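Below is one structure, written out as structure tokens, with a few remarks after it.
The values are calculated or read from the model by the stated rules, or taken from the named source; none is laboratory data. Predicted model, so just to flag it, every value in this text is computed and none were measured. Every residue, glycine as well, gets a Cβ built from its backbone with ideal geometry; the counts of neighbours run over all protein chains shown.
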Amino acid sequence: MNVYFPVSGVNVNVFVPPVIAFVISFFTSMGGISGAFLILPFQVSFLNYNSPGVSGTNFIYNIVAIPGGVYRYFKEGRMFYPLAVVLTIGTLPGVFIGYYIRVKYLYNPVFFKAFVGVVLLYIGVRLLFDLAKPKRGEYLKDFKLKILNSNIFESHFEFQEKRYSFSNFWVFLLAFFVGIIGGAYGIGGGSIIAPFCVAVFKLPVYIVAGPALLATWITSILGVFYYAINPLGTSGSEPDVLLGILFGVGGIVGTYLGARCQKYLPSTIIKIILSVSILFLAAKYIFDFVLKIFFTP
């Protein structure tokens, strides 16, 4: 049964968005990714939704879909609050800048997506190199987390009897720039934050997943607000609320089940899911850029 969405101009079977969102979010939520970074290309490439409003629609998906996974992490005591706070504070100001760049300078986002593709390509390769190191994949039988010291400068914690630390400043800076990218494309930022924290800051994927999802959800609320009020008055910037909710319905079930199943999978499997997803998006963005520059008359 096809349904027409007048805001976006999309005509699609009513079951397609929730099913696609469920499958994507189930796997990506295990690594702290909402799945919006794959749903956005689906909307653009398969539904032909190309106006800036697609970014706001993607944010609506995040708002509806992410609470299922976040709730599960909270319920099981697997939300690492110091990291969640730094990521959220960092991404919030970047979202408005991202919105401004998207509707003012990147109505055709090919060039900016090429830059994002290069960044994601680097992160994906780093994850693959990390996977290539010989190690024994383990299941998360018990979530043994102890915060040793957390202040304005850095955080130290013990997880599964191993000590970790990270600089709050560098994580904040990462989150700020990710907020700009997320604001421009409606991906929330988890697709960049999670693998970057794992590959570069060497944080356990089990620790990163919950905070990355929570930060993505909070910044998505602000992102929808910017696109909905459309302060710059750009044509086609209004999000398609109904289409976003339809994606979100499938996403909320997928993120909840993904968060629940995460502890039953070895971290190696989760990293493979992250790296494949990231490299897929990077390849698509870079390929689109090459087609635009060298093969478009």
Problem - Exclusive hit being under 18 Å from R126 (Cβ atoms), basic (K, R) and assigned to a helix (DSSP H, G or I), set K271, K292, K284 - result: K271
Problem - Residue in the range 273-287 that is nearest to V116 (Cα to Cα), counting only those that are surrounded by fewer than 17 Cβ atoms within 10 Å (Cβ to Cβ) and of a type outside the set (F, W, Y) - result: A283
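Residues checked against (1) in contact with a strand residue (DSSP E or B) (Cβ under 7 Å, 6 or more places away or on another chain); (2) surrounded by fewer than 19 Cβ atoms within 10 Å (Cβ to Cβ); (3) touching a residue at least 24 places away in the same chain (Cβ under 8 Å); (4) not polar (S, T, N, Q):
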position	(1), (2), (3), (4)
P41	no, yes, yes, yes
S51	no, no, yes, no
Y61	no, no, yes, yes
Y71	no, yes, yes, yes
K75	no, yes, no, yes
Practice task
For S237, state whether it is of a type in the set (S, T, N, Q), in a helix (DSSP H, G or I) and either surrounded by fewer than 20 Cβ atoms within 10 Å (Cβ to Cβ) or in contact with a helix residue (DSSP H, G or I) (Cβ under 7 Å, 6 or more places away or on another chain) (or both).
Solution key: no
Completion exercise
Picked from the range 24-39 (must be of a type outside the set (A, V, I, L, M) and surrounded by fewer than 24 Cβ atoms within 10 Å (Cβ to Cβ)), the residue nearest to I193 (Cα to Cα) is F27
Problem - Matching residues in the range 146-160 - criterion: being touching a strand residue (DSSP E or B) at 6+ places or on another chain (Cβ under 9 Å) and assigned to a loop (DSSP other than H, G, I, E, B) - result: F153, Q160
Handout entry: Candidates I245, I293 - the one that is surrounded by fewer than 16 Cβ atoms within 10 Å (Cβ to Cβ) and either farther than 17 Å from Y61 by Cα or touching a helix residue (DSSP H, G or I) at 6+ places or on another chain (Cβ under 8 Å) (or both)
Key = I293
Fill in the blank from the handout: Considering residues that are of a type in the set (D, E, K, R) and buried (at least 18 other Cβ atoms within 10 Å of the Cβ), the number found within the range 83-114 is 2
Practice task
Give the residue that is modelled with the highest pLDDT, with candidates limited to residues of the range 173-183 that are surrounded by 16 or more Cβ atoms within 10 Å (Cβ to Cβ) and either of a type in the set (A, V, I, L, M, F, W, C) or in a strand (DSSP E or B) (or both).
Solution key: F176
Practice task
Within the range 184-192, identify whether any single residue is modelled with pLDDT of 80 or more, part of a strand (DSSP E or B) and either surrounded by 15 or more Cβ atoms within 10 Å (Cβ to Cβ) or among the hydroxyl-bearing types (S, T, Y) (or both), and answer yes or no.
Solution key: no
Exercise for the section: State which residue pairs qualify: first residue assigned to a loop (DSSP other than H, G, I, E, B) and inside the range 1-20, second residue modelled with pLDDT of 90 or more and surrounded by 12 or more Cβ atoms within 10 Å (Cβ to Cβ) in any location, beta carbons under 6 Å apart, and separation of 6 or more residues or different chains. Expected result: V7/D240; S8/D240; S8/L243; V14/V3
Fill in the blank from the handout: For the range 205-218 the number of residues that are farther than 16 Å from G248 by Cα and in contact with a Leu (Cβ under 9 Å, 6 or more places away or on another chain) is 8
